[in-house]
Structures are given as C-alpha cells and as structure tokens.
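Worksheet: one structure, shown below.
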Amino acid sequence: MEALIEKLKKEIIEALNLEDIEPEDIKADDPLFGDGLGLDSIDALELIVLLEKSYGIKIEDPKDGKKIFYSLRTMAEYISSHQKK
Amino acid sequence: MVSKDDITITGSCRITGNSAFLNGEPYFSSAEKEAFPVFMKALYKKVGPGYPKFYKMDPLTKLGFISAELLLTDNARTGLYPEQSRGIVLMNASASADVDRSFQKTIEDKEDYYPSPGLFVYTLPNIMAGEIAIRHKLKGENTVFILPTFSMEFLTDYVDLLFETQKVTCCLAGWVEVDDKDYDSLLLILEKGGKKKENAYKLPFTKDVLENLYKPD
Amino acid sequence: MPERIFVTGIGLITAAGKNVPENEHSLRTGHSGIGEVKFLNTVHKEIPVAEVKHDDKALFDLAGIPYREGYTRTALLGMIAAGEAMQNAGADPGGPRTGLISATTVGGMVKSENHYFDFLRNDESNIYIGTHDCGDSTEKIARRLGIHGFRSTISTACSSSLNSIILGARLIRAGKLDRALVGGTDALSRFTLNGFNSLMILDREGCKPFDKNRNGLTLGEGAGYLVLESETEVRKRNAMVLAEVTGWANANDAFHQTASSPEGTGAFMAMEKALETNHIQADAIDYINAHGTGTINNDLSEGRAIEKLFGDRIPRVSSTKAYTGHTLGAAGSVEAVFSVVSIVRNVLIPNMHYRDQMPELHFAPETEYKEEAGIRTVITNSFGFGGNNSSLILKG
C-alpha cells in the first residue's frame, strides 16, 4: 500500500501539472481536494483518466470520484481492491 | 496631446522572441534557444504570482495570463473601476489551434485513447479571457476575435465602440497568438476619462502608437 | 440619435429541420432532433446526438452549389442558413455597408480530424488545411452571398453567435453599417464529442433541461442567422420587420474555466445589463429562452440567476435544447431565431423532456405549446465556457 501511495504521488504530480509540488508535500491522509493542492473539478476528471490509463479502472459516474479521491490512501485502497489481476 | 475624454493606454506588455517588455522597457529575457515552455516558466517565476493553476494552462492561456499578470501586479489600474465595467478584448490568428492539436493527440490513437479533460477545457480561445477574468475580477464584456493578422485598425475601431456603450470603463485589450513554436503578444490596459488616479505611463490609443509598441525591437 | 435595430430576415438549419418552416413544424409538433449517430464517424455510438439529417452531399444541394472539395460541413451549414436569412430579408447583400459577423467554435475541425495524417503526406486533402481556420466558414458564406463589406469571426465558446448578434447590433447603432448578417455555425465533430464526453457532461438519455434528474447536455449541430438593419435602411427599402433588437449585454462570470458559479453571477449580470441597454423593465419580459443545456451545473446556476433578477414575477421560461441539442457556437443565434419565431407567431415554445421539479428552484419551465401566447418581448441567454455570458432582448 505504501509503495502504491508513493507511486501515486508521482503520477498525480505529473498528470495534474503540479510543478511546484514535491512528492513529500502530499500527505497520504490529507484531503486531496480543498485548500492544500488547489485541485478543482477538472483535476478530478483527470484523475479518472489516470485510473483508467495506469490501472485499467473505469469510473462511469463522476460523483463516485468524491469518495475515491478523498485522499491518497482512499485512492490507493480503491485501486488495490478494483485492479484487475 | 491626450484630451481628458480620449482612450489612453496606461500599460503595455509586449512578449515575443523570449523577451518581455513592460511599458516599453525590457523586463525579462532568456536565451534565444530556450523553448517557449522554459521561457514561460522562467517568466512566471520572475513575476512570482504564486498561482499554481498557471502550470495547467495551455501555452496560449499562459501567454495571455502572464501578460495580464505583468500589467496588473504592481499597478492594478483595473482596480480603480467597478468589476462589472472591466472588459477584455483579445484577438489572434490561430484561435486555440495549438492546444487543439495536443488534445487531438489524446483521441486519435485507438490503442492509446484517453481524451484529456484538462486539455479539452482549453480548446477555446476565450478560456484565456476567462482565466484572466477570474484572476483579476474583470467581469465586464469580454470577447475574442479571430483575424488573419494583428489589425490595429480593427482594435482601435472596436474598442472605441465598446467604450462608447459606456458598459466598459477600462479594459485589457490586444493580440495574443501562439501556434506551435511561434508566439507573439501585445497586451494593453486601456482607460477612458482619465479623471481617476494619474498614471506615469500614459499614451494615446491610436494606430500609430500601437504600431510603435508592436514593432520588432 | 442612435439608430434602432430591426430583424428583417431569419434562417436556420438544425437537427429539427433544414429551414425555418421545418423547425417551426418541429416546435409545434414536439419533434426532437435528438437520436443515434448517423453521419459522424465515431466509436461513441451509445451517446445520443442531434445531427442535421442530411449528409454532406445533400448539404451541397441545399446550399445551391455543385459538390466539390474544400467545403466543410461547418461552412455548408452556415451557407444554407445565412442564405435563407438573406433571402427572407429580400435585401441586397452587396455594397460596403452590409457586413457579416459569423461565429464558430469548431471551424474546420470536422475535416481536419479526418485528414490529419493525410496532411503530412501532402496529398489532395491538403485543400482542407486552409479550411481548418475559424475564419474559413465566414469567408465561404460571404463569397456565396456576395457580401463584400466588413467581415469578422467570433469565437467565444457557446455564447459565440449571440456575441456576433451583439456586435452587429452595435455596429448598426453606431452608424458604421446599415445591414449586418449575423449568426453562427458549428458542425458536430469527434473532437467535441470526445471532449465533452471526457468532461462527463453528456446525458446518455438525451438532455432534459431544468429537470431534477437531468444529467448533462446533448451535442447538436446547425446554423442560425439573422439579418439586422438600421431603422433608416428599413424605411428606405420599406422592409418587413420581424422584431426589434432592444437590449444586449455580455459579462464574465469570472469563476471557473468551464463551470458556472453556483449563484449565477455572470448570468445575472448579463440579463440585468441587457435590460439596462434601453431601460427596459423586468416586468416587460414575457418569455425567457433560457440557455438551459441540461447540465446539472448550468440549469441550477441559470435558474438561480433568473430568480434573483425577476423575484416572484418570473416570466415564462423554456429551453429549446431538447429539439436541437446544444449547437455550441451556433446556439445563441439558433435560439435568437426561435425567439423571433415565438414573437412573430405569438407562440410559446415548450421545454421538452421536462418531468420533475428541481428542488432548488421555485419555478418550472413551460411544457405546453401555446398559441396566442401574448409574447411580445423575449430575453434569450447564451453562456459559454470561459465564463462568457450573453443575453439579448428582442421585441415584437
């Protein structure tokens, strides 16, 4: 799980063009959305693309994103339980 | 001689060939060989707005955004006017073709088909106007024209007309063009009436003055 | 004294019909143009769209020109609707004081996306490199109709063609033009279908504007044009007047690249400032042709702006997107033509596909087609990505 979280940090920085942010700036349990990283609804859609592109997981309803992308940990947990082996 | 009721230019920002000029003075430049994204990032760091959303913007929006940032950071002339009467008039030749191509790349390959929402939202030239509007609270009339070349005659005619309606009392106006490796911009702050706070930089808004500001250095 | 501005001609082509009479018939009979993809070459067959029901060859016929390379669907749609408007006005398009202001967001993308790889090999499809540009359709329309005066192209997302009407009105009011052919044209493309799909705002069941269970918009295509003339010109040639353009405004929501602010700031400012153009009282508005795309975000934001501006005296409201889909750059002028139709015929155009009340709003859209509807003054809205919001007022 921790390895996946570390991998996700790099992928998110890359996918969302967070150029001034270092992986260690993103804490595993902090909310991804809200003040911290300044992400918005378009970033949420990009994260949906990221899940499909890197992990083969499709999200049909954008409303589901809210829970899945709450934090790095929730995202990693979702990936591990949904990834096709 | 500028009369009290004429439209005046109270700020100008010219960016081309890896150089930025603010009010006619050199502001920043980097080596000619540096690519546009590198130059843009260096300029962003120099202006230092601390606005990470900048990195998500497409090249066209970056160019327009940073020009507006340069003009309004230390000298927020638009702040002298009500939000609803601050307008934006932009023009260019290629609309959003540059980012259109980037988005197209995400959908053209069946094996690697991941349409990017983050790119798609910038595939309209007026998103650039929108981002500037958000940043500087310019809530008045805003428009983007597509013309083959920078027509100073059209710009002066249109802005005259816009100020005549009295719906707009100040505006950001100019030419912001990006197409692949080529980029070129001249953005201006325009005001009418001149009864507000005086500004050291003040030029009449005429075709001749525009040509002078736009001409290669 | 600034010139008054009159509408003397209208032209349309949408999924609901290839000219104004066919569109009127669809409005009257509740016929929606939304359906399965037929002409666009896409993998997304599951997404309903509102296509114009004619292939490119048939569009050449409708435009009255022989089939040849170098014409995009965007240009053809524009030529058809602009031609109808000019014919309807019965005006001479020649002369320096007639202008053309045309809007598009897609431009020639519809061809470029098919020939993109061919371009690199430099074969005969290179003719379409020149048509990619947004200004191409404008020039094609001007050439076809013989308009030699002022020409300009506007691209401000989904409010584009309402802005071309505004610019035309303003040029006439200022005495710079006697006559302006104004409007917009956009063809459906994979580019937009994929893009909007990536934003997850396409309703899989077709759009349901102002409905509680709405779940996105439906993409359409088409063109709408109006002929505007100064009062002096109308008198000089004794032209028949369809409506008067009495108010207009554009404002920026300054909130987000694509989403509208929850309280509808930009929509409110656009409508309020449009009323101020000629000091029109809010009470005078009989009908609002809403932008009403069917997205969760737009309809709530626009609904709140309407409530804020009109209080407890809300005019009748409907969105016509369920007939035509969202025609993007053409939407503003397509719906301005519908507004003219509602004034001239004195009919109320209903909001199709509405079922359940939105809990956040106190008003519901109109659902019945009505004749003798008492419609004299109409406000029509068009809001675009980038926070570009416009409103136009037309009066019978």
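Nothing in this text is a laboratory measurement; each read-out follows from the coordinates by a stated rule. No experiment lies behind these values; they were computed from the predicted model shown. Glycine gets a Cβ as well: all are built from the backbone with ideal geometry, and neighbour counts include every protein chain shown.
Structure notes:
- The alpha carbons of segment C:247-395 stretch over 41, 36, 32 Å along the principal axes, in descending order.
- Mean partner shielding of peptide B:99-108, defined as the number of other chain Cβ atoms within 10 Å of each residue Cβ, is 4.
- Global form of segment C:1-95, assessed from the alpha-carbon gyration tensor, a/c cut-off 1.5: oblate
- Nearest-ten-degree value, helix B:126-136 long axis tilted from longest Cα axis of chain B: 60
- Calculated from backbone phi, Karplus (6.51, -1.76, 1.60) coupling profile of segment C:371-377 in Hz, x at Gly/Pro: 9, 6, 8, x, 9, 10, 10
- Database remark: amide H of C:ALA103 closer than 5 angstrom to the amide H of C:ILE154, C:GLY183, C:GLY184, C:THR185 (H placed geometrically; neighbours at sequence offset of 5 or more, or on other chains; Pro and chain starts carry no H).
- In this structure, C:HIS31 and C:HIS362 have a Cβ-Cβ separation that, at R0 = 35 Å, corresponds to a calculated FRET efficiency of about 0.70.
- A straight Cα-to-Cα reach below 24 Å connects C:LYS140 with the lysines C:LYS18, C:LYS53, C:LYS57, C:LYS111, C:LYS176, residues fewer than 8 places away in its own chain not being considered.
- Counting other Cβ atoms within 10 Å as a rough exposure proxy, the listed residues C:THR29, C:THR42, C:THR8 run C:THR29, C:THR42, C:THR8 from fewest neighbours to most.
- Summarising the amide proton neighbourhood of C:GLY220: residues at separation of 5 or more, or on other chains, whose placed amide H is nearer than 5 Å comprise C:ALA50, C:HIS326, C:THR327, C:LEU328.
- Where labels lie 7 Å past Cα in the beta-carbon direction, separation of C:ASP312 and B:ASP112 in nm: 6.2
- Shape of segment A:2-82, Cα gyration tensor, a/c cut at 1.5: rounded
- Of the residues B:GLU191, C:GLU229, C:GLU221, B:GLU25, the one with the fewest other Cβ atoms within 10 Å heads the list, and the complete ranking is B:GLU25, B:GLU191, C:GLU229, C:GLU221.
- Shape annotation for segment A:30-70: C-alpha extents along the principal axes are 29, 18, 18 Å, from largest to smallest.
- Angle of helix B:152-164 to the longest C-alpha principal axis of chain B, folded into 0 to 90 degrees and rounded to 10: 60°.
- In summary, the convex hull built on the alpha carbon positions of the protein assembly as shown has an orientation-averaged projected area of 30.4 nm².
- Relative contact order (percent, whole number), chain A, Cα cutoff 8 Å, 6+ residue spacing: 36
- In segment B:7-214, the inverse of the mean reciprocal separation of distinct Cα atoms equals 17.4 Å; this is its Kirkwood hydrodynamic radius.
- Computed from Cα positions, the angle between helix B:36-47 and the longest principal axis of chain B comes to roughly 50 degrees.
- Ranking C:PRO209, C:LEU162, C:PRO21 by how far each Cα lies toward the positive end of the dipole of segment C:5-236 (charges on Cβ) leaves C:LEU162 at the top.
- Taking θ as phi - 60° and the Karplus parameters 6.51, -1.76 and 1.60, the scalar couplings of segment C:279-285 work out to 6, 8, 7, 4, 4, 6, 6 Hz in sequence order, x denoting glycine and proline.
- Helix runs (DSSP H) in chain C reaching 15 Å along axis by Cα, Kyte-Doolittle at least -1.0: C:73-89, C:109-121, C:160-173, C:265-277, C:296-310, C:331-344
- Within segment C:261-328, the GluC sites (Glu not before Pro) that combine a DSSP coil assignment with at most 16 other C-beta atoms in a 10 angstrom radius are C:GLU263.
- Cβ-based net charge around C:VAL110, under 10 Å, with every Lys or Arg adding one and every Asp or Glu removing one: -1
- Cα shape, segment C:322-396, gyration tensor, a/c 1.5 rule: oblate
- Hydrodynamic radius of chain C per Kirkwood, over alpha carbon pairs, in Å: 20.5
- For peptides C:208-220, B:201-213, sequence by mean Cβ density within 10 Å, most packed first: C:208-220, B:201-213
- A straight line joining the Cα centroids of segment B:142-217 and segment C:91-165 runs 24 Å.
- Ranking of C:LEU188, C:LEU193 by neighbouring Cβ atoms within 10 Å, starting from the fewest: C:LEU193, C:LEU188.
- DSSP beta bridge pairing in the protein assembly as shown, given as percent antiparallel to the nearest 5: 70
- Database remark: amide H of B:PHE28 closer than 5 angstrom to the amide H of B:ALA20 (H placed geometrically; neighbours at sequence offset of 5 or more, or on other chains; Pro and chain starts carry no H).
- Counting Cβ atoms of other protein chains within 10 Å of each residue's Cβ and taking the mean over peptide C:380-389 gives 5.
- Applying a threshold of 30 Å to the alpha-carbon distances of A:LYS63/B:LYS56; C:LYS38/C:LYS273; B:LYS207/C:LYS395 flags C:LYS38/C:LYS273; B:LYS207/C:LYS395 as lying beyond it.
- Across chain C, the relative contact order, built from alpha-carbon pairs under 8 Å that are at least six residues apart, equals 23 percent.
- Per-residue HN-Hα couplings for segment C:37-42 [Karplus 6.51, -1.76, 1.60; θ = phi - 60°; Hz; x = Gly/Pro]: 5, 10, 9, 6, 7, 9
- Point-to-point label distance, C:ILE129-B:LYS46, nm (Cα→Cβ direction, 7 Å offset): 3.4
- Column: log10 I(q)/I(0), Debye, Cα scatterers of segment C:5-236, q = 0.10, 0.11, 0.14 Å⁻¹: -0.47, -0.57, -0.90
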